[in-house]
1. Expressed as a fraction of 2.2 N^0.38 Å, the rule-of-thumb size for a compact globular protein of N residues, what is the C-alpha radius of gyration of the chain?
2. Under a Cβ-only charge scheme (Lys and Arg +1, Asp and Glu -1), can you give me the dipole magnitude of region 53-208 about the Cα centre, in debye to the nearest 20?
3. For region 1-104, I need the span (max minus min coordinate) of the C-alpha atoms along each principal axis, in Å, sorted largest to smallest.
4. Cα gyration tensor of region 69-125, axes a ≥ b ≥ c as square roots of the eigenvalues: rounded (a/c below 1.5), prolate (a/b > b/c) or oblate?
5. Taking the alpha-carbon centroid of each part, what is the distance from region 100-135 to region 1-63 in angstrom?
6. Measuring from label point to label point, each 7 Å out along Cα→Cβ, what is the GLN73 to VAL120 span in nm?
7. Sum up the charges of everything whose Cβ sits under 11 Å from the Cβ of LEU198, counting Lys and Arg as +1 and Asp and Glu as -1, but leave LEU198 out.
8. Share of antiparallel DSSP beta bridges in the chain, in percent to the nearest 5?
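Readers should treat all values here as calculations from the given coordinates under stated rules, not as data from a laboratory. Just so it is clear, the structure is predicted and the values come from calculations on it, not from any experiment. Don't worry about glycine lacking a Cβ; one is built from the backbone with ideal geometry, like all the others, and counts go over all protein chains shown.
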Amino acid sequence: MNIILLGPPGAGKGTQARFLVEERGMIQLSTGDMLREARDSGTEMGKIVADVMARGDLVTDEIVIGLIREKLQGDKQGGFIFDGFPRTLAQADALGALLAENNETLDAVIEMEVDDSALVARITARSTCGDCGEVYNDNTKPIPADGKCTNCGGTEFKRRADDNEESLKQRLMEYYKKTSPLIGYYYAKGALSRLNGLGEMLEVKVAVDAILDV
Ligand code: AMP
């Protein structure tokens, strides 16, 4: 099963993807994670994307499509979760073509709806474990008092450099201008399911499972 998690930054795509990885053996393909890795390890491509990401703009379709193309040729396990990709109509077309080339199907596109005020609150409060990527939130799921990650015991926690109000504003603008048209695109293809991403993460998980298990 291959699925897309679609929604603005902070909608909870990464959190839900982690559940699907753990419970269904799926592979999370987060272009944001791939780009951050390239940026942090200082590859040529990483240097090109660093400023674009810091501003909250989208990197070129060519770069992200190249990243996804490479991953689709690897191990498939329980299928792919596309997290933060596609983000433009060109990327969506490219994904369709890449899946067809690999004899794969797109089984669901799940739109996670969240209103903007909740997004700002979520994003400016979030941090992740530096070792395993477990997501924390200062208000709803704080880092444990003993300073150890509940999932792996790691003691280093990171905040994303672009999780500040200014670049968040730009990321939301990019979402509404360039990514939200994908809702209509996948609706027209009969692939779209929607859920309320504002609930507790386990409530949202139940809704995701209900969509995937029909
Ligand atoms: P994310 O972790 O998904 O919020 O992505 C972080 C940043 O990486 C975005 O603000 C963009 O600059 C870049 N990025 C991630 N995925 C894509 C994509 N599919 N297309 C263009 N830029 C992307």
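1. My calculation over the Cα atoms of the chain gives 0.98.
2. 80
3. Per principal axis, max minus min of the Cα coordinates gives 35, 29, 25 Å.
4. The shape class here is prolate.
5. Centre-to-centre distance over Cα atoms comes out at 9 Å.
6. In this crude label model, GLN73 to VAL120 measures out at 4.5 nm.
7. -3
8. Of all bridge pairs located within the chain, approximately 25 percent are antiparallel.
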